[in-house]
1. What residues of segment 78-108 lie in the reach of a label at Met162, counting those whose backbone N is under 15 Å from a point 7 Å from the Cα along Cα→Cβ?
2. Checking the a/c ratio against 1.5 first, then a/b against b/c, what shape does the Cα gyration tensor give for segment 2-44?
3. Counting other beta carbons within 10 Å of each Cβ, put Phe39, Phe32 in order, fewest first.
Amino acid sequence: MKRLLDTLLARTDAGAEQMARLAAQRYSRRGFVGRAALFVAGTGLLPVLPFDQGGRALAATPNGGTLQDDDPTACDYWRYCAIDGNLCNDCGGTLTSCPPGAEASKVSWVGTCRNPTDGKDYVVSYNDCCGKASCTGTECVNSERERPGYQMALHNDINWCMANSSMGYHCTVAVLVGQVDDASSG
C-alpha cells in the first residue's frame, strides 16, 4: 500500500511540475500578475450580483405557506414573513415600537408580505431594537418573499444594530411601509 501511495504521489508531483513548466513557457510574469489581478477584481464583484432565493423562501415558510392575520404574537403572523429575531411585542414593546430603553436600528431590511385578509402585498420594514440585552421571548425566523441582500451575507441574519452607538440587539419590530402596487392595474 505504501509503495502504491508513493508511486501516486510521485506521478502527481511530476504532473504538477510539468504543468508549472508549461505555464512558465507560455505566460510572462506580468501576464500572470495581470490575470491574477483581473480574477481577484472579478470575484470581488460577485456579492453584488442578485441571487435567486425563491426555493429557500418557500422552504422556510411556516405552516406550509399559510400565514394568519389574527395573532401578532405568533411567528406565522403575516407581517413576519421575512422576520429574523425576537418579537418586540413579547419583550416589552409592541408590534411596531421598541420597548422602553431600546432604540430602533438606523438600518433595516424589508420584506414583501401578503395579508391573507385582503390578499394584497405590503412592504414591511424590520427594525432591530438596540441598546438592551437580548430578549429571550419568542424567536421567529421566516424568509417568505424576502428580498435578497447584496453585500451583507444575502439574508436577514445580521445584527442591524451595528450602525447605532449601542450595538446590543434586543428584539425586532415589523412596521408597514406601504402597499405594493399591482403591476397589472397600471
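What follows draws every value from the coordinates through simple rules; no lab data is involved. Predicted model, so just to flag it, every value in this text is computed and none were measured. Glycine also receives a Cβ, built like all others from the backbone with ideal geometry; neighbour counts cover every protein chain displayed.
1. What the label zone holds, given the 15 Å backbone N cut-off, is 105-108.
2. oblate
3. Phe39, Phe32
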